[in-house]
Amino acid sequence: MSSPKITDSHCHLDFPDFAEELPQVVSRAVEAGVHRMVTICTRLRLLPQVQAIAEAHAPVFFAAGTHPMSAADEPMASFDELVKLAEHPKFVGIGETGLDYHYTAESKQVQQDSLRVHCAAAAATGLPLIIHSRDADDDMARILAEEHANAPYSCVMHCFSSSPELARAALDLGFYLSMSGIGAFPRSQEIRDIFASAPVERVLVETDAPYLAPPPFRGKRNEPSYVVNTAKVAAEVFNMGFEDFAVQSEANFERLFAKAKLP
């Protein structure tokens, strides 16, 4: 029996960590059963490199936006600019965008303005919004709800490690939660409990590579093949066999990222 297929819904293959061996990284992922990856552009001026990676590797799709931690340092993404990107056949999501008050609270207003532009672009294109949220739960829940009421959109809370309240607010809007390697860390029981209380039909898995490698690779460079380790922990959270969880998470991914079709 062939091993189940799975998707790494969020990684950063353009980062220098992979420059020396990107083809091998993609090959190792495919060999591990990770047949699809979404690589994320966090600064729009780096889009050509990210797009080129997706064009060069059949299993790789891409998304783009302005990361909240760089929102004050980069030109504000425009609605038209983001909508135009959706014309590319392998462009499958808007972001990552969001709010990060942990390190960059001083740019709070710029982050909020940028987030609203991305929300509008997601609504206009029908592509999912990809959200980064850290230490900003109240503003995040409020803005996502306000913008969704204004123009509905789909969304994933990437690398979810926030409060149960933000998880519930996101789920109530019909959004998805994505588990990263953080969810597999031994001391992350609170995060696992949040996922366990979510509908399994609204859960994705990701690496956020090169960051947050799950055990037994913790402390090393993460890569897409390791998403299998996180998915096995997620399967345990939902009291499912790995094969069944893989099938479920694939269905979830394809429902949300409907454009990310493999040949």
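Full extension of the segment from LEU262 to SER3, taken as 0.36 nm per residue of separation minus the current Cα-Cα distance, would add 91.5 nm. Using 0.36 nm per residue and subtracting the Cα-Cα separation, the extra length available between PHE217 and GLN49 on full extension is 57.8 nm.
Surface analysis of the chain yields an accessible area of 42 Å² per residue, using protein heavy atoms and a 1.4 Å probe.
Going by amide H atoms built from the backbone, whose H comes under 5 Å of the H on GLY93, apart from near neighbours? Amide H to amide H, under 5 Å and 5 or more residues apart or across chains, GLY93 pairs with ALA64. Per-peptide packing, taken as the mean over residues of other Cβ atoms within 10 Å, places 185-198, 24-37, 61-74, 232-245 in the sequence 61-74, 24-37, 232-245, 185-198 from highest down. Ranked by the mean number of other Cβ atoms within 10 Å per residue, highest first, peptides 8-19, 148-159 order as 8-19, 148-159. Working from label points 7 Å from Cα in the Cα-to-Cβ sense, the SER78 to ASP244 distance is 5.1 nm.
The phi torsions of the stretch 207-218, fed into the Karplus equation with coefficients 6.51, -1.76 and 1.60 and a -60° offset, translate into couplings of 9, 6, 4, x, 9, 6, 4, x, x, x, 9, 4 Hz, rounded to whole numbers, with Gly and Pro shown as x. Stretched out straight at 0.36 nm per residue, the stretch from ALA58 to ARG142 would grow longer than its current Cα-Cα span by 26.5 nm.
Of LYS5/LYS259; LYS84/LYS259; LYS84/LYS108; LYS90/LYS220, which pairs sit farther than 24 Å apart, going by alpha carbon to alpha carbon? Cα-Cα > 24 Å for LYS84/LYS108; LYS90/LYS220; rest within. Just the protein heavy atoms count here, and of the accessible area of the stretch 67-210 at 1.4 Å, carbon and sulfur take up 52 percent. Pairs of Cα atoms in the stretch 26-118 fall into 5 Å distance bins, from 0 up to the last occupied one, in shares of 3, 15, 23, 20, 15, 11, 8, 4, 1 percent. Computed on the chain, with alpha-carbon pairs under 8 angstrom and 6+ residues apart, the relative contact order is 20 percent. Largest mean-square fluctuation among SER78, SER178, SER114, in a Gaussian network model of the chain whose springs join Cα atoms under 10 Å apart, belongs to SER78. Kirkwood radius, the stretch 60-178, all distinct C-alpha pairs, inverse of mean reciprocal distance: 13.9 Å.
Amide H to amide H distances under 5 Å link PHE257 with no residue, where only residues 5 or more positions off or on other chains count and H is placed in the peptide plane. 3J(HN,Hα) along the stretch 95-107: x, 8, 10, x, 9, 9, 9, 6, 10, 10, 5, 5, 9 Hz, from the Karplus curve 6.51 cos²θ - 1.76 cosθ + 1.60 with θ = phi - 60°, whole Hz, x for Gly and Pro.
In order along the stretch 177-187, the phi-based Karplus estimate (6.51 cos²θ - 1.76 cosθ + 1.60, θ = phi - 60°) of 3J(HN,Hα) comes to 10, 10, 8, 9, x, 4, x, 9, 5, x, 8 Hz; Gly and Pro are listed as x.
The stretch 130-174 to the stretch 185-235: how many Å between their Cα centroids? Value for the Cα centre distance between the two parts: 19 Å.
In this structure, the amide hydrogen of TYR211, modeled 1.01 Å from its nitrogen in the peptide plane, lies closer than 5 angstrom to those of ASN222, counting only residues at least 5 positions away or on a different chain. Here the stretch 190-251 is treated with +1 on each Lys and Arg Cβ and -1 on each Asp and Glu Cβ, and its dipole about the Cα centre works out to around 300 debye.
The values are calculated or read from the model by the stated rules, or taken from the named source; none is laboratory data. For clarity, every value in this text was computed on a predicted model and none was experimentally measured. So basically every Cβ, Gly included, is an ideal-geometry build from the backbone, and we count neighbours across all protein chains shown. With ligands, DNA and RNA removed, areas are computed over all heavy atoms of the protein, side chains included. Shrake-Rupley method; radii C 1.70, N 1.55, O 1.52, S 1.80 Å.
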